[in-house]
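The values are calculated or read from the model by the stated rules, or taken from the named source; none is laboratory data. On a predicted model such as this, the values are computed, not experimentally measured, just so you know. Every residue, glycine among them, receives a Cβ derived from its backbone with ideal geometry; neighbour counts consider all protein chains shown. These area figures cover heavy atoms from the full protein model, side chains too; ligands, DNA and RNA do not enter into them. Shrake-Rupley method; radii C 1.70, N 1.55, O 1.52, S 1.80 Å.
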Amino acid sequence: MAAARQTPGIDFTEVRFRIESVRAGVRFMLVICSAGWGYAAATWPQPNRYLIAALFGVAAVLALGVMLSTGERLVRSIWYEPLLLAWTATSVGLAAGVSIADGGSVSPLALLFFIPLIFAALSFRPTAVVLLSLLNFAAYFTVNLVGAQPNPESVGFFAVCLAAVAVICAWHARNQEARRNDLAHVSRADPLTGCLNRRGLDERLDAALAQASSAAQPMGLIMLDLDHLKQVNDTRGHAAGDEQLRWAVGQMEGVVRRSMDAVGRVESDSSAVGRVGGDEFAILLPGASPHDTAQVADRVQVALAARAPASLGVACFPADGADSGELLSHADDQLYARKRWRSAPAGPNGRELGWATALAGAVDERMAVRHEHSRQVADYSVAIAERLGWAGDDLEAIEMAGMLHDIGKVSVPDRVLRKRDPLTEEDWAEIRQHPVVAAEMLARIDGLERIVPWIRHSHERPDGAGYPDRLSGEAIPPASRIICVASAFDAMTSDRLYGSALSVEEALEELRANAGTQFDAECVAAFVELQSPLVQAA
């Protein structure tokens, strides 16, 4: 049993019930065996008493063996039910054996045929009870054929009683299974929304991971946090908040179901929405690749946008973690990074970053990047600027510039932005215009005049080979040089349509190799020297 595969989804209560059921059955069997030995001793002058005593001895040994081998590991394994079924079937055979040895169905030992049925009703599923009932009938009629022939009336009455007990046992097993399923559902379901609660979610996640690992398949996980539920509760009352939670779960479940056709590797029966707590939810997508998971996440965010905007984070097994803890942590990190983006602090001159993050997020989605590129560039830019001695309003300004450095790409066609093949000269001509478009857009917004040249020249190079104006050296604004390094590093360490991500070390080496030509040497040195969590987490 050391290598026994585990049956997922069995909790401690079920394990305890199974162990106690087996122990009760064993004690009951030992009592029956003791009574059988007493019967054999009391009728010793009659034939086959040694055989009857020996058969009861075999039954006792088997019962003790079952009890000694039944521990939590076996109960949780896939071998538990087959082993118990085999033991009960053997008990039917022993009942037939002692009955035949004692003269056939006329023997009082034939009453033993009722015992396995009762135990089966308490321990097995309805299907197994029906199978054991059929085996019981076959064994009883075999006893009638082999042993002494009783009158037909006695056989008929005994058979009817046996059938009645079998029907009652099957009915009881069915009802017990239904009650157990209802209790399992109640204990694993969120009472407000009807989706899985934290317990049910954890069990489903562990089961999905076990299946994914054994089948060498991916599995997607989406973590989701509703952004404004507290505001709804405070302004409209908790009843309105509860209704919004129910609506949000309905939308999530609907998106998952509708996505099954588009994401063919996701199994609808095993996909699940669970409430982690409060306004935080998780969506499990067994069989979903990272691309599939990102697609479902996008659809969920769009579906919730009308009434319950949400921040999402995604993770995929095995790329983002090998166990539930790693996957949940990875998805949580993404979720709170996006939440921080959505609730970013005030920008230059007290201007809120909300509109900027929304615009930058739209551009990131058009570029088909799977993370907040603009937010990350803003964070990197602030980190480099701090290293170079910037402070106060200057940091707020470069954060805004980093956030908006790519918004000019709204003018670049999708055929260029999402192109997997190398760009043609015609494609590059369109790309080189996006800083100009961004500068023209931002020049129309009061209070952003300072960052307009920074964004226009964020793709210039110290050697003069950049765009759009081929500036070089000190002619490039310092903020533009910072943004150039920050954007390049994030692009190199992120998966894109045209290539896979470099490691952090490889990207830093690329920056060093091109310092002074493609990138400003001072900015590269400052970034490489950074020991901030931003670089360490990249």
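Values as computed for the structure displayed
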| item | result |
| --- | --- |
| All positions within the range 181-212 that are open to solvent by less than 80 Å² (accessible area, probe 1.4 Å) and of a type in the set (Lys, Arg) | 188 |
| Exclusive hit being loosely packed, with under 13 Cβ neighbours inside 10 Å and within 19 Å of the chain's Cα centre (by Cα), set 164, 178, 215 | 215 |
| Selected residue (only one of 131, 145, 135 is of a type in the set (A, V, I, L, M, F, W, C) and under 28 Å from residue 38 (Cβ atoms)) | 135 |
| Any hit, the range 475-486, residues being among the hydrophobic types (A, V, I, L, M, F, W, C), at pLDDT below 90 and outside any helix (DSSP H, G or I) | no |
| Among residues of the range 374-414, those that are open to solvent by 20 Å² or more (accessible area, probe 1.4 Å), of a type in the set (S, T, N, Q) and without any contact (Cβ under 8 Å) to a residue 40 or more places away in the chain, counted | 1 |
| When residues of the range 1-34 are limited to those that are polar (S, T, N, Q) and outside any loop (DSSP other than H, G, I, E, B), the one modelled with the lowest pLDDT | 6 |
| Residues that are open to solvent by 20 Å² or more (accessible area, probe 1.4 Å), closer than 16 Å to residue 280 by Cβ, in contact with a strand residue (DSSP E or B) (Cβ under 6 Å, 6 or more places away or on another chain) and in contact (Cβ under 8 Å) with a residue 40 or more places away in the chain, drawn from the range 294-331 | 314 |
| Of all residues in the range 35-83 being assigned to a helix (DSSP H, G or I) and among the aromatic types (Phe, Trp, Tyr), the one that is surrounded by the fewest Cβ atoms within 10 Å (Cβ to Cβ) | 50 |
| Of residues in the range 226-243 being touching a residue at least 24 places away in the same chain (Cβ under 8 Å) and buried (at least 20 other Cβ atoms within 10 Å of the Cβ), the one farthest from the chain's Cα centre (by Cα) | 229 |
| Test: residue in the range 415-424 that is farther than 30 Å from residue 505 by Cβ and either at pLDDT 85 or above or crowded, with 20+ Cβ neighbours inside 10 Å (or both) | no |
| Yes/no for residue 99 being over 19 Å from residue 24 (Cβ atoms) and assigned to a helix (DSSP H, G or I) | yes |
| Matching residues, the range 466-480, being open to solvent by less than 50 Å² (accessible area, probe 1.4 Å) and on the phi < 0 side of the Ramachandran plot | 466, 467, 468, 471, 476, 477, 479, 480 |
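The rows are residues; the columns are (1) in a loop (DSSP other than H, G, I, E, B); (2) at pLDDT below 90.
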residue	(1), (2)
258	no, yes
267	yes, yes
274	no, yes
282	no, no
301	no, yes
319	yes, yes
